[in-house]
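Asker: Structure provided below as structure tokens; questions to follow.
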Amino acid sequence: MARTDTLIEAEDIHPIDIVEDLAETRAWEFDRLGDDQIAMAAEGQWRTYAVTLAWSGFDETLRLICTFEMDPPAARLPAVYEAINLANDQCWAGAFSYWAEQRLMVYRYGLLLAGGAFAGSEQIDRMLTTAVRAAERFYPAFQLVAWGDEPPAEALKVAIAQAYGRA
């Protein structure tokens, strides 16, 4: 049998299957919510983050959201939104938003895989690592703005340039 006969075609590997393998490797708790979605708990230094990835075959996008609970006082919401804008200026991939109704800070990223492109385990692993690192990096700043009455620009000074460690 020729070597090419035994290789698995990239399009035969579902991106959520890769995510599940990565979650098992990291010993993260996870729940496969369906063929196209998985939810995980990623332990960070500051807290445990909820990470969900979903595959949309319609628009060929692997969507990632990383959330943590946050319920700032209503009077601090304008400052929190300003802090989010400042944080997003420092994020190269993905962006934060605040879902007030759910009381969740959300980091979102969408990986477009149009035209049959394939995301390998290294790329998906980088997505997961980037999301958790961003949440870890900016979590203290968001807390300082929401409950420490720090001005957003001052609070973001605690967001170190690069998070160290592993997600």
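Asker: Packing-wise, with mean Cβ within 10 Å as the measure, how do 99-106, 71-78 rank, highest first?
Answerer: Working: 99-106: 14.5, 71-78: 12.2.
So the peptides 99-106, 71-78, ranked by packing, come out 99-106, 71-78.
Asker: Please go through the stretch 9-51 and write out the GluC sites (Glu not before Pro) that DSSP classes as loop and that have at most 13 other C-beta atoms within 10 Å. Intermediate values should be presented prior to the final figure.
Answerer: On the way: sites: Glu9, Glu11, Glu20, Glu24, Glu29, Glu43; in loops: Glu9.
For GluC sites (Glu not before Pro) across the stretch 9-51 that sit outside H, G, I, E and B with at most 13 neighbouring Cβ atoms in 10 Å, the list reads Glu9.
Asker: Ok, one more. Need the full-extension length gain, Ile13 to Ala50, defined as separation in residues times 0.36 nm minus the C-alpha distance. One decimal, nm.
Answerer: On the way: separation 37, 0.36 × 37 = 13.32 nm, distance 2.43 nm.
Computed gain between Ile13 and Ala50 is 10.9 nm.
Asker: Given a Förster radius of 22 Å and the C-beta distance between Trp99 and Glu43 as r, what FRET efficiency does 1/(1 + (r/R0)^6) yield to the nearest 0.05?
Answerer: Values: r = 22 Å, r/R0 = 1.00.
So the FRET efficiency works out to roughly 0.50.
Asker: With angles folded into 0 to 90 degrees, how steeply does helix 15-26 sit against the dominant principal axis of the chain? Use alpha carbons for both and round to 10.
Answerer: Around 70 degrees separate the two axes.
Asker: Related question: Using the crude model of +1 on Lys and Arg Cβ and -1 on Asp and Glu Cβ, and no other charge, please compute the dipole size for the stretch 25-167 relative to its Cα centre, in debye to 20. Each step should come with its number before you reach the end.
Answerer: On the way: 12 positive and 18 negative charges, 58 e Å.
Here the size comes out at about 280 debye.
Asker: Using a 1.4 Å probe on the protein heavy atoms, what percent of the accessible area of the stretch 1-153 belongs to carbon and sulfur?
Answerer: Working: 4290 of 8610 Å².
With neighbouring chains kept in place, the figure for the stretch 1-153 is 50 percent.
Asker: Same structure again: Treating the angle as unsigned and between 0 and 90°, give the value, to the nearest 10°, between the Cα long axis of helix 121-147 and the longest Cα principal axis of the chain.
Answerer: The answer is roughly 10 degrees.
The values are calculated or read from the model by the stated rules, or taken from the named source; none is laboratory data. Keep in mind that what you see is a predicted model, and the values were worked out from it rather than measured. Please note: Cβ atoms are built from the backbone with ideal geometry, for glycine as well, and neighbour counts cover all protein chains shown. Only protein heavy atoms, including side chains, enter the accessible area calculation; ligands, DNA and RNA are left aside. Shrake-Rupley method; radii C 1.70, N 1.55, O 1.52, S 1.80 Å.
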